[in-house]
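I have placed the structure first, in the form of structure tokens, so that the comments after it can refer back to it.
The values are calculated or read from the model by the stated rules, or taken from the named source; none is laboratory data. Since the model is a prediction, treat every value here as computed from it, not as a measurement. Cβ atoms come from the backbone with ideal geometry, glycine included; neighbour counts cover every protein chain shown. Remember, those area values only see protein heavy atoms, side chains included, never the ligands or the DNA or RNA. Shrake-Rupley method; radii C 1.70, N 1.55, O 1.52, S 1.80 Å.
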Amino acid sequence: MPDARRSPSRPATLRFLQTSLVLAVASFAWLRFAENTVDNDLWGHVLYGQRYWNQGYVRGPELFSWTAGSFDIVNHEYLAEIFMGLVHRAGGGTGIWLYLIAMASATVAVALWAGNRKAGSRHWPALLLFGGSINFIALGFAVRPQLFTTLFLVVELFLLRHLAQGRWSWGLLVPPLIALWGNLHGGVLAGLVVFGVMAAIETLHAAWPRSLPSAIEATRPPRGNIGIYWGMLVTALLAMAVNPWGVRLVEWNIRATFRARPQIHEWQPLAFSPANAPFFLVLAVSVLAWIFSRQPKKLWEAATLVVLAVMGMLHQRHTPLFGLANVMFSPIHLADAARRLGPYCRDLVTAFRRPLTQIMAAVLLLCAAGVSLVASFSAPKENPFTMEVERNVYPVTAVEFLQTHRLAGKTITFFDWGQQNLWELPDNPVSFDGRFDTGYPAHVIAAHWAFYNGTAMSPDVKWHDADVALLPSDGGGVRLLVQAGWRAVYRDPLATLLVSPKGRQANFRSGEPMERHGVEVLRGRKPFPDSPPSLATAAALR
């Protein structure tokens, strides 16, 4: 089949349509991946990374919280945090944003290149699959250590494909990749699962009697390859222990993977809803493509897609992994299934070959591209080339109140705001923050969730040792503290600030009315700070 990209007889209207499609997909991808709002853990990742770099070591007890009791931290993403800390030191908030763009570009480029190469001249299915998957792939691209998991997964799949084709030198890179990955993010377990699926399925395929369909028989691996797969997998497993905590970090990662997190949205199952329709549509199309394709089918690739799709449906944070793997593995089958379907859709194919139809479709795609580009630089963004803090999500004005009035002391904090407090309020040790079980014992975690829900003030936390509290205005914790004699001194629709009746701030504005603000203080965004946090210095808290 001739390559349409090189054919001199390709109509100008078709070239126009193809160019418009590329621009539309690229513009929509830019809109989604260039999102510059901060994740609630960004303050912490940068702070911890800079502190690790400054002090020269990573192991040690918890220092930033007054409830953790010197909890011995096992940090599964310390190396990613060091990297993020150095990026921020070099470029501030803009550097962090550029880092996000670079990681997203590299990850998508590897996936598309692998999908296009496998599909030969039929590169459009990879682009269309990616375009349909952008919304849920982009969910994995906040500025977090998880960026390394998405990048390393596509690199691993690329290497495993070469390994399955008998190119052993490529496969030898997998164990070092796993070793590095294990120091960057706990998602390395997904990489090990994929490698294990590949080894197990290839073993079954090699041993299975020769009675499978021709498309599968064409990819049967030599039995001599199986020992190499398992040897490399064992080496990769051993490589997991190459980290500052050794086997202890591996054990922590495994326990954390199976630990329930009902309070964290991204760890919940993927609901059937209009917002999640792209995932289920792409999944359905891909399944049909694999079923009806007559191209050679690697069983381990199909099994990997099934495992990642199930992971995505069980935990929303894993949907990007399926989307990227699907862009790598499914284009060739989508192209073949579409070609076989062509004779049954002659009228539709004929209509799209008409120059007027192609021009109209191209114009619509260009309009969509223009809308995406304009939206990527427009409100609500105020500083589109740096990271921004949303005032209606994070207590920016309440924190400024604390800073202005120097309300220092032990602080009862909301989970999502704790790491912002560490950066902005270095003299206010937090009660709880987004590190969850990385930095806190189980009884402290349970006590805080009960407190936030307004259920009880558990004796597992000495609440009255605190001096101030910064909590959601609509949360149950405010009600519990007021009942316990605490006094609210500041309130807006998002956050309420209270002082303890026995703490060091007990007399703050005593007898004065509470300062109240309306929704006006929640409008707009604030640039993420360019200056380093004071707690990042090695001498802090000593």
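Structure notes:
- Screening the candidates TRP290, TRP230, TRP300 for the property of being of a type outside the set (A, V, I, L, M), in contact with a His (Cβ under 6 Å, 6 or more places away or on another chain), on the phi < 0 side of the Ramachandran plot and at pLDDT 95 or above yields one hit, TRP290.
- Some residue of segment 341-355 being open to solvent by less than 10 Å² (accessible area, probe 1.4 Å) and either of a type in the set (A, V, I, L, M) or under 30 Å from ALA164 (Cα atoms) (or both): no
- Among residues of segment 22-69, those that are open to solvent by 40 Å² or more (accessible area, probe 1.4 Å) and of a type in the set (A, V, I, L, M, F, W, C), counted: 9
- Among residues of segment 463-485 being free of Cβ contacts under 8 Å to residues at least 24 places away in the same chain and either over 20 Å from ALA446 (Cβ atoms) or of a type in the set (Lys, Arg) (or both), the one that is least open to solvent (accessible area, probe 1.4 Å) is SER473.
- The sole residue among VAL25, VAL108 that is in contact with a Gly (Cβ under 9 Å, 6 or more places away or on another chain), farther than 30 Å from ALA466 by Cβ and either at pLDDT 95 or above or among the hydroxyl-bearing types (Ser, Thr, Tyr) (or both) is VAL25.
- Hey, VAL521 crowded, with 16+ Cβ neighbours inside 10 Å and out of contact with any strand residue (DSSP E or B) (no Cβ under 6 Å at 6 or more places or on another chain) or not: yes
- Each residue in segment 257-284 was checked for being in a helix (DSSP H, G or I) and more than 24 Å from MET198 (Cβ to Cβ), and 11 of them qualify.
- Any helices (runs of 4 or more DSSP H) falling wholly within segment 335-444 and containing at least 1 residues that are among the small types (Gly, Ala, Ser) and at pLDDT 95 or above: 355-377, 396-404, 418-424
- Residue tally, condition open to solvent by 40 Å² or more (accessible area, probe 1.4 Å) and either touching a residue at least 60 places away in the same chain (Cβ under 8 Å) or not aromatic (Phe, Trp, Tyr) (or both), over segment 274-294: 10
- Per-region count, segment 59-84, residues among the aliphatic types (A, V, I, L, M) and modelled with pLDDT under 95: 4
- Across segment 362-379, the qualifying residues are those that are under 19 Å from LEU23 (Cβ atoms) and out of contact with any helix residue (DSSP H, G or I) (no Cβ under 6 Å at 6 or more places or on another chain), and the one among them that is most open to solvent (accessible area, probe 1.4 Å) is LEU364.
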